[in-house]
Amino acid sequence: DGGITQSPKYLFRKEGQNVTLSCEQNLNHDAMYWYRQDPGQGLRLIYYSQIVNDFQKGDIAEGYSVSREKKESFPLTVTSAQKNPTAFYLCASSIPTGRSSGANVLTFGAGSRLTVL
Amino acid sequence: GDSVTQMEGPVTLSEEAFLTINCTYTATGYPSLFWYVQYPGEGLQLLLKATKADDKGSNKGFEATYRKETTSFHLEKGSVQVSDSAVYFCALSGTAGTASKLTFGTGTRLQVTL
């Protein structure tokens, strides 16, 4: 079955450490996204990528970095510069807008919960 | 910029009760509108969508109508079940090249009891 796999599901980090969250999709989607979810704040966009080797900052990119070396993969690194990294992180993907009526629909992974100790 | 406002939860209902979760939006142009649902410990799943004014999205007994005049997309279900307990997110789509930038509301938690 096609879908998005995020790992690890749970991650603990000490202050000052960088951590990388994995996101892999086998949907053949061009666009990929990272969202952060905090209680009472909904989802906020961290980074997105329309195509391999290209990505753009979302609304809260500070303290995060991404890469898009392969179509299937869009890992997110939470750096020590992120002041409040404890959150639930969601990866998503979509087909390009304008391609079909299915455009604009995001498929989400199951999420990764990061806790800073 | 774009924004979505949802009614605050939690919403607690008895099984078979009628559900309404209000959603209003602010956006330039003509966005598509969505309802996503999140079950405990999981990611978000698309529940329904509408792409233009007066469209009605529906799925699993849930409905929402795209009302441009009131900039609203309220979610309704005639008879809720315990299995509908989840967090519901209203969202609208902007575009950034070929990517879809969704703006989400803060989510409304629904708890259905027997």
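The mean sequence separation of alpha-carbon pairs under 8 Å and at least six residues apart, normalised by the residue count of chain B, gives a relative contact order of 36 percent. Taking the alpha-carbon centroid of each part, what is the distance from the range A:1-30 to the range B:34-64 in angstrom? One Cα centre to the other: 25 Å.
Dividing the alpha-carbon radius of gyration of the protein assembly as shown by the rule-of-thumb value 2.2 N^0.38 Å gives 1.01. Amide H contacts of A:ARG13: A:THR115, A:VAL116, A:LEU117, each under 5 Å away and 5 or more positions distant or on a separate chain (H built 1.01 Å from N in the peptide plane; Pro and chain starts excluded). Using θ = phi - 60° in the Karplus curve 6.51 cos²θ - 1.76 cosθ + 1.60, the 3J(HN,Hα) couplings for the range A:66-72 round to 9, 9, 9, 8, 10, 4, 7 Hz; x is entered for Gly and Pro.
Considering every Cα-Cα pair within chain B, what fraction, in whole percent, is farther apart than 23 Å?
So the portion of pairs separated by more than 23 Å is 24 percent.
Shielding value for A:55-64 is 1, the average number of Cβ atoms from other chains within 10 Å of each residue's Cβ.
In the protein assembly as shown, a dipole from Cβ-located charges (positive for Lys and Arg, negative for Asp and Glu) runs towards its positive end, and of B:LEU102, A:SER73, B:TYR30 it is A:SER73 whose Cα lies farthest in that direction. With a simple spin-label model that places each label point 7 Å from the Cα along the Cα-to-Cβ direction, the separation between B:LYS68 and B:THR26 comes to 2.1 nm.
Spin-label model, B:ASN59/A:ILE60: points 7 Å from Cα along the beta carbon direction are separated by 2.4 nm. Modelled spin labels at A:THR5 and A:ASN18, positioned 7 Å past Cα toward Cβ, are 2.5 nm from each other. Among B:24-37, A:2-15, B:73-86, sorting by the average number of other beta carbon atoms lying within 10 angstrom of each residue, highest first, gives B:24-37, B:73-86, A:2-15. Legend: mean number of C-beta atoms from other chains within 10 angstrom of residue C-beta atoms, peptide A:41-53, equals 4.
Evaluated at q = 0.11, 0.19, 0.22, 0.23 Å⁻¹, a Debye calculation over the C-alpha positions of chain A (equal weights, vacuum) places log10 I(q)/I(0) at -0.33, -0.97, -1.27, -1.37.
Distances between placed amide hydrogens fall under 5 Å for A:ASP30 paired with A:SER94, all partners being 5 or more residues away or on another chain.
Net charge near B:GLY78, counting Lys/Arg +1 and Asp/Glu -1 over other residues with Cβ under 15 Å of its Cβ? In short, -2.
Laboratory data are not the source of any read-out in this text; all were calculated from the coordinates shown. Please read these numbers as outputs of a predicted model, since none were measured by experiment. Here Cβ is always computed from backbone atoms with ideal geometry, including for glycine, and neighbour counts include all displayed protein chains.
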